[in-house]
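Everything below concerns the one structure shown next.
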């Protein structure tokens, strides 16, 4: 048996880049777009993966979802409206997003409010997906308890055979959300844990930037 890992000794000194006020765009959405494009160019795995945090009855819950658009000064993703996160967002529209791009030693923290997209936007994205993903959205009663894997596989087989002769129809319980941010923090790792943290807060119609202590 191998020796136990001493987790407390795991550390890395960040030296990739700095993040100075003079280098940041005035609109944090533009700055996010810039960083996101750099993450794409760096060839990172799933650069659009983000944690989504919700709160219901004062209890937080987090999971990873995929960003699918940067639109109308906000962030777009899609999921099952009847899932746990869908119910939590229905009860409390205040959410948080977090992106971490470790290879670039960067993190973006976002707070805002969420709202559902309309049928036109939902249909447009649903029918752009691979047929397997469309069927998967129909088959999955997300967050509900399954007897076993076979139950899910049987449901897939039954639904898939139906769509050999007709096209899938987007289920009403599946669609998108738009997160309108009111806070966006850009974090750049620096040496000796003296990280750069620039916070944008929405004040009325304008973004105000401040530097936070690491």
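Just so you know, all these numbers are worked out from the coordinates, no wet-lab data involved. Remember, it's a predicted structure, so these values are computed and weren't measured experimentally. So basically every Cβ, Gly included, is an ideal-geometry build from the backbone, and we count neighbours across all protein chains shown.
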Rounded, prolate or oblate for the stretch 1-90? Axes are the square roots of the Cα gyration tensor eigenvalues, ordered a ≥ b ≥ c, and the cut-off for rounded is a/c under 1.5. oblate
Please work out how much length the chain gains when fully extended from residue 209 to residue 155, using 0.36 nm per residue of separation minus the C-alpha to C-alpha distance, in nm with one decimal. 14.4 nm
Can you bin the stretch 60-129 into rounded, prolate or oblate? Criterion: square roots of the alpha carbon gyration tensor eigenvalues sorted a ≥ b ≥ c, rounded for a/c under 1.5, prolate for a/b above b/c, oblate for the rest. oblate
At 222 nm, what helix-only mean residue ellipticity would the chain give, in deg cm²/dmol to the nearest 500, using -39500 (n - 2.57) for each DSSP H run of four or more? -7500 deg cm²/dmol
Efficiency of FRET between residue 147 and residue 173 - r from beta-carbon atoms, R0 25 angstrom, step 0.05: 0.75
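Given a cut-off of under 8 Å on Cα pairs at least six residues apart, what relative contact order in percent is computed for the chain? Please report the intermediate quantities before stating the final value.
Values: 332 pairs, mean separation 53.1, N = 214.
Reported as a whole number, the value is 25 percent.
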Given the stretch 54-99 reduced to its alpha-carbon atoms as identical point scatterers, what log10 I(q)/I(0) does the Debye formula return at q = 0.17, 0.19, 0.20 Å⁻¹? -0.51, -0.63, -0.70
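With a ≥ b ≥ c taken as the square roots of the eigenvalues of the C-alpha gyration tensor of the chain, please select rounded if a/c is under 1.5 and otherwise prolate if a/b is larger than b/c or oblate if it is not?
Prolate, since a/c reaches 1.5 and a/b exceeds b/c.
Output the peptides 48-59, 13-24 sorted from most to least packed, where packing is the average of other Cβ atoms within 10 Å over each peptide's residues. Please report the intermediate quantities before stating the final value.
Numbers: 48-59: 15.2, 13-24: 12.5.
Result, highest mean first: 48-59, 13-24.
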